[in-house]
Amino acid sequence: MPDVVVSQLKKEFGGNTVLHEVSLTIKDGEFFTLLGPSGCGKSTTLSCLAGLEKPTSGVISIGEETFFDGERNKFVPPEARNLGMVFQSYALWPHMTLAQNLAMPLKLRKVPKGEQQTLIHDALDKVGMAHLADRYPHQLSGGQQQRVALARALVYSPRVLLLDEPLSNLDAKLREQARVWLKRLQSELGITTIYVTHDQEEALAMSDRIAVMSSGHLLQVGSPEDIYERPATAEVAAFIGRSNFIDGTIRSVVEGKARVVVEDATAEFEVHADRGFAAGDAVTVAFRPERATLVDASAAAPDASVLLPGDILATAYVGSRVEYTVRFGKRTLLVDHYRGGFTGPVNVALPEDAVRLYPRTDVVPEDVEELMAVTV
Amino acid sequence: MTNVLTRPRGADAAPNGPEQYPAPRYRSLLGADRSSWLYWATIIVLAVLVLAPVVPTLIQALSDRPLYESGGVFTLDNFVRLFTEADFGMVALTTLAFAGLTTILTILIAVPMAIVVVRTDIPGRRIFGVGMQWPFFISSLILGFGWITMYGPAGFVSTWVRSAVGTVPWDLYTIPGMALTEAVALAPIAYLFCANALRNADASLEGAAQTVGAGPFQILRSVVVPMLRPPVVYSSILVFSMSVETLSVPLLYGQPVGITVFATFLYKNGLQSINPDYGILGAASTIILLVTVLLVVIQGKLLREAKRFVSVRGKATRPRLLDLGWIKWPAVVFIVIYLLFGAVIPIGGLVFRSFTAFFTPLANPFNALTLANYQRIWEFPVYLASIRNSLIVAAVGAVLVSVLATIAVVVARRSTFRYRKLIEYLALAPQAMPGLIIGIGLFWAFAFAPFGLGAIVQGTLAAIIIGFGLRALPSAFGSISPAVMQVGEELDNAARVSGADWLRTFTRILSRLITPAFGAALVLSFVTMLKEYSPAIFLGSAKTNVIGTTMLELWVQGNSGSVAALATIQIVITAVFVGVAGLLMKGNKIDA
Ligand SMILES: Nc1ncnc2c1ncn2[C@@H]1O[C@H](COP(=O)(O)OP(=O)(O)O)[C@@H](O)[C@H]1O
Ligand SMILES: [Mg+2]
């Protein structure tokens, strides 16, 4: 199965641009996820791949074959693309039994009757639904319908499997099981899979690579680890997992080390700066709560490059760890620590590689910022 | 053989090799796929059907001689003569008075009825609700016959009142008389919109809680009236435009005493004069079309704005009942009077009339029971033929109209065809075309169609089917459209990705899922076309009379007994058909 290549894909709905020149390459056999908040254009991207929407411009191809080329006015309709797709609503045809649902794509391909039987049975068996072949969709639970929808998308061995939030209609418990099951099935089959979700945990747990999207732009493409540990932009850091953000200014850059002064000058530290920052640049400093530790303000400074003085505002015990809310200047920081017992003035300590610098961005919506601001 | 389900990872020897089950191929013709051919066929068929009656009418209106004479010259003279010689201004004023009064009376009947039936706990509200569906079975032509039979100058009730009081304190053959009858026929439509609004607008009933202890008038003013404004405005326009184009009641009541409205003007000038003035006919038709088109455009605009009030919502929540106190009792009496005197007595009287030799309170009609009225219909082949014609037209027409409407809906709502919006407009356009104008226009179109195509159709049942079908098309479209919208688009998309082209998606998936709606459209179209007659006045020939035109003919001959018999037959056919269809559809409900 060849690579899926999307380049400069643009889609407008009546003058409203929903996809801004998105480019992606999805490798053979890869589990590739489009992740982003609702309305960011994930489904539109998938629909363009499937041929259900006609892009405004750009190129889409799989291997040698071009499905869409805006400049050459080439458009291959969905029925000629030989892809498999599972929809959010499962979209099982209600007037057909499960077997008939699976038979439909085979009939359209004029597969001989006998072979159809085998294929249908194999596919339903693979998803553990063979014993229900003669049921109608409405006689199944949501989880079962989702499996059948998957079987229907796989029964004709499509080139690529497209999944649009297939688990979002399941309840939480079932969703976690389905996640494991789906991932295992995919890696057994080795089929190139493009998966759409707004659920970051799902994306992190299942994907080989993730593309993070926001309002029609591609923010970052990388492995789950890349995305989580090394968010390319402050938006990605804000969207994936939890992050603390502090505004600051660069005082000087010497040999790849930037000296950052925190906005209200309550702290100053030096971190590695990998982009071309220069003195005077306004930056946003980001770090994850679980990478920070707490030390008593009176204790000797530990071997950490960044120390942020603050006061404990609130403590929440969540079992495996303790979540502290620390007042730092005018804002609050979240810190996860393995033990409780801190009160009063503390230092938030960070190893150098836990801190990331971004050009100044407003990642936190204003109303949230207001909530978080300490009004003393 | 390996496929993706059995192949272990990495065992794919030739990743770029031929696919095992390649996507199906669909034939294309002259560079366009078959779905595109269907799109274009649909739009062309609709455009030809809709434009066929309109274009000749417009040409005739602007031509100085009849279309069949060559060398016509462009002129506006027809319009000048229309208002000078033909006194069309007076006709327009009369129409305005008639339609305006009809609208007011309709709303006065419909609104209290909707409030009482939907929002109070009066006894028998369910029966009233069902009773309001009577016009579905009975055409306004038949209602007019019934009213004249009972309340006309020589009617049963009138005669009885005259013998009791010495005089009849009403006169049916006046504009108020016409308006009242028309309002009785149209009230159920306005009722439907108001009742739906009252059923759905539960949020606005919050106010009801605050009016605890308030008097009935206060409740009405603060709770009910605001809720009803949109449906009342919308149905007023609807009723107004329907009464602007209606023929039946003005023909039966107004014609004998010289009250002329739009439709009877066309009837008189086109049919009754020995030497019809085609220029005037065309000019009048053009003006009437302009008026009806304008009204339909306003309707569409209002409907979009008031969508949330007139649409039927999915979940039927039981509306909270209002306690209107003593007001509900006069309201009940009012409903009973409406149903009894408006529908039951005239229709019942007409049916009874069909079984008697004469019908007057001065002699006991039970002594005059006879089947002679039916016998006459049986004995004259032309009368019998008209029943057969009506059945053929309604049956064949219903199938054709429902199929065309279904295809139009699906292309309009579920395709990527560039002109899909236009398809919807075309399918709904006949709403704005009065039956007589469709008749006149098609008559001209057939007469002057190229290659003698028109001559093949002219004077046959096919011509009648086209005319009636055009009239029935918008309601068929309207009844199928919501069903298509309800089918999730992902079901279509799933079929497309699985390898079905647009056409096959329609035949394999969508068409199966909208079968019940198709059945409903069939029934609706059948009943509509069975009751229809006005296009046939111009399109029909002696051989292609339908029940409606035959009734008119018999009426003019003064043969009211046989009119009553034909009317009864038409009502019975409708009732039996709807009953059987209802049973069939209930039995056939698929397990899905
Ligand atoms: N058919 C359409 N017409 C107009 N706008 C659309 C259409 N489909 C999607 N959009 C808009 O495009 C944006 C992206 O939609 P979508 O791809 O469905 O988002 P996601 O799947 O990421 O939630 C949304 O703002 C949505 O309103
Ligand atoms: Mg989506």
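The values are calculated or read from the model by the stated rules, or taken from the named source; none is laboratory data. Bear in mind that the values here come from a model prediction, so they are computed numbers and not experimental data. Neighbour counts run over all protein chains shown; Cβ positions are idealised from the backbone, glycine included. These area figures cover heavy atoms from the full protein model, side chains too; ligands, DNA and RNA do not enter into them. Shrake-Rupley method; radii C 1.70, N 1.55, O 1.52, S 1.80 Å.
Points worth noting:
- Residue match in segment A:37-49 (condition: more than 16 Å from ligand 2 (Cβ to nearest atom) and surrounded by 20 or more Cβ atoms within 10 Å (Cβ to Cβ)): no
- When segment A:268-297 is filtered for residues that are farther than 14 Å from A:Val355 by Cα and small (Gly, Ala, Ser), the ones remaining, listed by number, are A:Gly276, A:Ala278, A:Ala279, A:Gly280, A:Ala282, A:Ala297.
- Subset of segment A:94-103 (residues that are surrounded by fewer than 23 Cβ atoms within 10 Å (Cβ to Cβ) and under 15 Å from B:Arg512 (Cβ atoms)): A:Pro94, A:His95, A:Met96, A:Thr97, A:Gln100, A:Ala103
- Only residues that are under 20 Å from B:Gly452 (Cα atoms) and open to solvent by 80 Å² or more (accessible area, probe 1.4 Å) were counted across segment B:17-74, and they come to 7.
- Residue check: A:Thr66 meets all listed conditions (1) more than 16 Å from ligand 2 (Cβ to nearest atom); (2) crowded, with 23+ Cβ neighbours inside 10 Å; (3) part of a strand (DSSP E or B) but one, namely (2).
- Scanning segment B:388-395 for residues that are out of contact with any helix residue (DSSP H, G or I) (no Cβ under 8 Å at 6 or more places or on another chain) and open to solvent by 70 Å² or more (accessible area, probe 1.4 Å) turns up at least one hit.
- Failed condition for A:Ile26, given (1) away from ligand 1 (no atom under 16 Å from the Cβ); (2) closer than 19 Å to A:Val160 by Cβ; (3) open to solvent by 40 Å² or more (accessible area, probe 1.4 Å): (3)
- Residue match in segment A:77-86 (condition: touching a residue at least 12 places away in the same chain (Cβ under 8 Å), within 14 Å of ligand 2 (Cβ to nearest atom), facing chain B (nearest Cβ under 10 Å) and within 19 Å of A:Leu167 (Cβ to Cβ)): yes
- Odd one out for B:Ala164, checked against (1) among the small types (Gly, Ala, Ser); (2) free of Cβ contacts under 8 Å to residues at least 40 places away in the same chain; (3) under 24 Å from B:Ser354 (Cβ atoms): (3)
- Residue match in segment B:16-26 (condition: at pLDDT 85 or above, within 14 Å of chain A (Cβ to nearest Cβ) and touching a helix residue (DSSP H, G or I) at 6+ places or on another chain (Cβ under 6 Å)): yes
Conditions (1) in contact (Cβ under 8 Å) with a residue 60 or more places away in the chain; (2) more than 30 Å from A:Val6 (Cα to Cα); (3) assigned to a loop (DSSP other than H, G, I, E, B); (4) open to solvent by less than 20 Å² (accessible area, probe 1.4 Å), marked per residue:
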{"site": "A:Ile60", "(1), (2), (3), (4)": "no, no, no, yes"}
{"site": "A:Gln88", "(1), (2), (3), (4)": "yes, no, yes, no"}
{"site": "A:Ala91", "(1), (2), (3), (4)": "no, no, yes, yes"}
{"site": "A:Lys107", "(1), (2), (3), (4)": "no, yes, no, no"}
{"site": "A:Glu115", "(1), (2), (3), (4)": "no, yes, no, no"}
{"site": "A:Leu119", "(1), (2), (3), (4)": "no, yes, no, yes"}
{"site": "A:Leu124", "(1), (2), (3), (4)": "no, yes, no, yes"}
{"site": "A:Leu150", "(1), (2), (3), (4)": "yes, no, no, yes"}
{"site": "A:Leu161", "(1), (2), (3), (4)": "yes, no, no, yes"}
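- Single match in A:Leu92, A:Leu108 (criterion: more than 7 Å from every other protein chain (Cβ to nearest Cβ) and in contact with a helix residue (DSSP H, G or I) (Cβ under 7 Å, 6 or more places away or on another chain)): A:Leu92
- Of the residues A:Leu150, A:Leu162, the single one that is within 16 Å of ligand 1 (Cβ to nearest atom) and hydrophobic (A, V, I, L, M, F, W, C) is A:Leu162.
- Output for segment A:1-20, where each listed residue is within 15 Å of ligand 1 (Cβ to nearest atom) and either more than 14 Å from every other protein chain (Cβ to nearest Cβ) or in a strand (DSSP E or B) (or both): A:Val6, A:Leu9, A:Lys10, A:Lys11, A:Glu12, A:Phe13, A:Gly15, A:Asn16, A:Thr17, A:Val18, A:Leu19, A:His20
- Whenever a residue of segment B:471-498 is within 14 Å of chain A (Cβ to nearest Cβ), its partners that are part of a helix (DSSP H, G or I) and open to solvent by 10 Å² or more (accessible area, probe 1.4 Å), lying with C-beta atoms within less than 6 angstrom and at least six residues away or across chains, give the pairs B:Ala483/B:Ala517; B:Val487/B:Leu513; B:Arg496/A:Glu79.
- Among the residues listed as B:Leu105, B:Leu49, B:Leu76, B:Leu58, the single one being out of contact with any Phe, Trp or Tyr (no Cβ under 8 Å at 6 or more places or on another chain) and free of Cβ contacts under 8 Å to residues at least 60 places away in the same chain: B:Leu76
- Residues of segment B:466-480 classified as open to solvent by less than 10 Å² (accessible area, probe 1.4 Å), more than 17 Å from B:Leu442 (Cβ to Cβ) and among the small types (Gly, Ala, Ser), total: 1
- Considering only residues in segment A:135-148 that are away from chain B (no Cβ under 11 Å) and among the polar types (S, T, N, Q), the one that is surrounded by the most Cβ atoms within 10 Å (Cβ to Cβ) turns out to be A:Gln146.
- Qualifying residue in segment B:533-550 (condition: farther than 28 Å from B:Phe446 by Cα, more than 17 Å from the chain's Cα centre (by Cα), away from chain A (no Cβ under 14 Å) and among the aromatic types (Phe, Trp, Tyr)): no
- Members of segment A:29-62 found to be more than 12 Å from ligand 1 (Cβ to nearest atom) and more than 21 Å from A:Val76 (Cβ to Cβ), listed by number: A:Gly29, A:Glu30, A:Phe31, A:Thr33
- Residues of segment A:310-333 that are surrounded by 13 or more Cβ atoms within 10 Å (Cβ to Cβ), farther than 15 Å from A:Glu263 by Cα and hydroxyl-bearing (Ser, Thr, Tyr): A:Thr315, A:Tyr324, A:Thr325.
- Residue match in segment B:549-569 (condition: buried (at least 24 other Cβ atoms within 10 Å of the Cβ) and within 17 Å of B:Gly435 (Cβ to Cβ)): yes
- Residue check for A:Lys74: at the interface with chain B (Cβ under 9 Å from one of its Cβ atoms), open to solvent by 60 Å² or more (accessible area, probe 1.4 Å) and among the basic types (Lys, Arg): no
- Annotation: A:Thr25 fulfils all but one of (1) away from every other protein chain (no Cβ under 14 Å); (2) out of contact with any Asp or Glu (no Cβ under 9 Å at 6 or more places or on another chain); (3) more than 16 Å from ligand 2 (Cβ to nearest atom); the unmet one is (2).
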